[in-house]
Amino acid sequence: MSLLYINWDINPEIANILGIPLKYYGLLFLTGLVLSLNVLKSIYKKENLSAKAHDALFTYALIGIMVGARLGHCIFYDFDYYSQHPLEIFLPIQQGPDGTYHFTGFAGLASHGGGIGLVIALLLYARKYTIPFMTVLDAIAIVLPLGGTFIRLANLMNSEIIGIPTDVPWAFIFRQVDDLPRHPAQLYEAISYMVIFLLVYFIYRKNIFRIGQGFYFGISILLIFIMRILIEFIKVDQVEFEHGMILNMGQLLSIPFVLLGLFFMIRSILEKGKMKTA
């Protein structure tokens, strides 16, 4: 059985140019963002939203996700360290044992913080381009799981957010970590998010719900964070303080998103029912 295990020993760096590493994480992150924006381009065209507004969306989304994800990691997962090293929150550097700083890239990003940062950035974006905020949220929500797919693939290339040991035949041995066969939790999430994207996009293409009612925002974050909660049970704890917790930090932070998604989904379904009976 062990012969079927996948030996995973990928170097996270693709190349190193003048001391600056080019990593799979950044490449996959940007790939997911670009693909999501291309799908959004067709949605904007279908919904008669301006091409100028679409072109500006990349900047707003990138800044919102990166700032939110970085602050989310530093506050939720490693506040003790970053409260003592505030410069490292905003700059891709880290202080070594000798007191000197060296380039590391942003090693910690939290998806919950990225979601919050994205929502704030979209609020500013909607005001700037006079688009109803709920319309923007629904449009973004359709492609949100597509972007999430590539982020989890990036985690896989980094051999991070690994699963607990297992003897299932498709287990990965993350050689960058240890020699134990483990659940490829990152791959589970990536596959789940891709299925969610295909489902939500299918519903949109069938015109079952109109953009702007909140349905797509609701169903997308509901399904994403339900899967996040479930898969967390087979992940290794990300930080030491999570040891012994019934629900870890990722699961606790996912609960409000699940409730919010359920609220918007139910509300939009009820409103659609009222429109049919009116």
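Bear in mind that the values in this text are calculations on the coordinates, not laboratory data. Every value quoted in this text rests on a predicted model; they were computed, and no experiment measured them. With ideal geometry, Cβ positions are generated from the backbone for all residues, glycine too; neighbour counts draw on all protein chains shown.
Which FRET efficiency value, to the nearest 0.05, is calculated for Glu271 and Lys41 with the Förster distance at 22 angstrom and r the Cβ-Cβ distance? Intermediate values should be presented prior to the final figure.
Working: r = 28 Å, r/R0 = 1.27.
That gives a FRET efficiency of 0.20.
Whose amide H sits under 5 Å from the amide H of Ile173, counting only residues 5 or more places off or on another chain, with H placed in the peptide plane?
Ile6, Asn7, Trp8, Arg182
How far is helix 51-72 tilted off the main Cα axis of the chain, in degrees rounded to 10, range 0 to 90?
Approximately 40 degrees, to the nearest ten.
Need the list of aspartates and glutamates near Lys235 for cross-linking: C-alpha distance under 12 angstrom, and skip anything on the same chain fewer than eight residues off.
Lys235 reaches Glu160, Glu189.
Grab the Cα-Cα distance for Thr59 and Phe79, subtract it from 0.36 nm times how many residues apart they are, and report the gain in nm with one decimal.
Details: separation 20, 0.36 × 20 = 7.20 nm, distance 2.76 nm.
Once the chain is fully extended between Thr59 and Phe79, it gains 4.4 nm.
Subtracting the Cα-Cα distance from 0.36 nm times the residue separation, let me have the gained length for Asn207 to Asp237 in nm, one decimal. Mind showing how you got there, number by number?
Values: separation 30, 0.36 × 30 = 10.80 nm, distance 4.09 nm.
That pair, Asn207 and Asp237, stretches by 6.7 nm at full extension.
Within straight cross-link reach of Lys41, meaning Cα distance under 16 Å, which lysines are found once same-chain residues fewer than 8 apart are removed?
The qualifying lysines are Lys52.
Order these peptides, 131-142, 4-15, 24-35, 166-177, by their mean beta-carbon neighbour count within 10 angstrom, highest first.
Descending mean neighbour count gives 131-142, 24-35, 166-177, 4-15.
Per residue of segment 148-158, in order, report the coupling 6.51 cos²θ - 1.76 cosθ + 1.60 (Karplus, θ = phi - 60°) as ³J(HN,Hα) in whole Hz, putting x for Gly and Pro.
Ordered by residue, 3J(HN,Hα) equals x, 4, 6, 5, 5, 5, 5, 4, 4, 5, 8 Hz.
If you put +1 on each Lys and Arg Cβ and -1 on each Asp and Glu Cβ, how big is the dipole of the chain around its Cα centre, in Debye rounded to 20?
Roughly 1880 debye for the chain.
Among the DSSP beta bridges whose two residues both lie in the chain, what percent are antiparallel, rounded to the nearest 5?
Beta bridges within the chain, antiparallel portion: roughly 80 percent.
As an exercise, find the ratio Rg/Rh for the chain from alpha-carbon atoms, using the Kirkwood inverse-distance average for Rh.
0.99
Set the Förster radius R0 to 35 Å, insert the Cβ-Cβ distance between Ile191 and Leu259 as r into 1/(1 + (r/R0)^6), and round the FRET efficiency to 0.05.
Details: r = 25 Å, r/R0 = 0.71.
After rounding to 0.05, the efficiency reads 0.90.
Taking amide H positions as placed 1.01 Å from N in the peptide plane, with prolines and chain starts having none, which residues 5 or more places from Glu47, or on another chain, fall under 5 Å of its amide H?
When sequence neighbours closer than 5 places are left aside, there are no close amide H contacts.
Expected output is a single nm value to one decimal: the length gained when fully extending between Ser50 and Leu123, i.e. 0.36 nm times separation in residues minus the C-alpha distance. What is it?
In short, 24.6 nm is gained.
Val236's amide H: which non-local residues (gap 5+, or another chain) put their own amide H closer than 5 Å, with H modeled 1.01 Å from N in plane and none for Pro or chain starts?
Ile162, Gly163, Ile164
So what J values fall out for segment 133-140 if you push phi through Karplus, 6.51 cos²θ - 1.76 cosθ + 1.60 with θ = phi - 60°, rounded to Hz, Gly and Pro as x?
With the stated coefficients, segment 133-140 comes to 4, 5, 5, 5, 4, 4, 5, 5 Hz.
Answer with one residue from Ala171, Leu198, Ala126: the one whose Cα lies farthest towards the positive end of the charge dipole of segment 119-278, charges on Cβ with Lys, Arg +1 and Asp, Glu -1.
The one lying farthest along the dipole's positive direction is Ala126.
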